[in-house]
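Since the structure comes first, as structure tokens, the remarks are kept for the end.
The values are calculated or read from the model by the stated rules, or taken from the named source; none is laboratory data. Given the structure is predicted, the values throughout are model-derived calculations rather than measurements. Quick reminder, even Gly has a Cβ in these numbers, built from the backbone with ideal geometry, and neighbours come from all protein chains shown.
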């Protein structure tokens with residue numbers, strides 16, 4: 001079931017509609033708010049759009065690093081299962 005969620009970042013309120021699990025949404029919003037607080041003091045200096053872009057870039061970078069780590073782990077698991085030996 002879709003639900004409307006509001007997030008306040010600084011002076012702005014952002015609304016989104018999601019059908020994700022409530023717990024996932026809660027944790028996601030907490031993470032966004034926590035990350036925003038790291039940069040909030042710079043909003044007046046550089047603007048909220050810049051802050052949001054930095055947060056987006058950090059999230060994409062983290063996602064790419066995790067995806068790479070998953071690929072490495074899958075490769076190691078495949079190697080061990082295939083050869084039955086220790087990973088080099």
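Residues satisfying the criterion are present in region 23-31 (criterion: within 22 Å of residue 6 (Cβ to Cβ), touching a strand residue (DSSP E or B) at 6+ places or on another chain (Cβ under 8 Å), touching a residue at least 24 places away in the same chain (Cβ under 8 Å) and in a helix (DSSP H, G or I)).
Quick check, is residue 41 touching a residue at least 24 places away in the same chain (Cβ under 8 Å) and at negative phi? When the stated conditions are applied, residue 41 does not pass them. Quick one: is residue 76 farther than 29 Å from residue 12 by Cα and either touching a helix residue (DSSP H, G or I) at 6+ places or on another chain (Cβ under 7 Å) or surrounded by 10 or more Cβ atoms within 10 Å (Cβ to Cβ) (or both)? Yes: the conditions hold for residue 76. Candidates 48, 17: the one that is in contact with a strand residue (DSSP E or B) (Cβ under 7 Å, 6 or more places away or on another chain), touching a residue at least 12 places away in the same chain (Cβ under 8 Å) and surrounded by fewer than 11 Cβ atoms within 10 Å (Cβ to Cβ) is 17. Looking at 82, 37, can you tell me which residue is part of a helix (DSSP H, G or I) and either in contact with a strand residue (DSSP E or B) (Cβ under 6 Å, 6 or more places away or on another chain) or surrounded by 10 or more Cβ atoms within 10 Å (Cβ to Cβ) (or both)? Going through 82, 37 in turn, just one is part of a helix (DSSP H, G or I) and either in contact with a strand residue (DSSP E or B) (Cβ under 6 Å, 6 or more places away or on another chain) or surrounded by 10 or more Cβ atoms within 10 Å (Cβ to Cβ) (or both): 37. When 7, 13 are checked against the criterion of being in contact with a helix residue (DSSP H, G or I) (Cβ under 6 Å, 6 or more places away or on another chain) and either modelled with pLDDT under 95 or assigned to a strand (DSSP E or B) (or both), a single residue qualifies: 7. Cβ separations smaller than 6 Å between residues 6+ apart or across chains give the following pairs from region 53-76 residues that are within 15 Å of residue 31 (Cα to Cα) to residues that are in a helix (DSSP H, G or I): 55/35.
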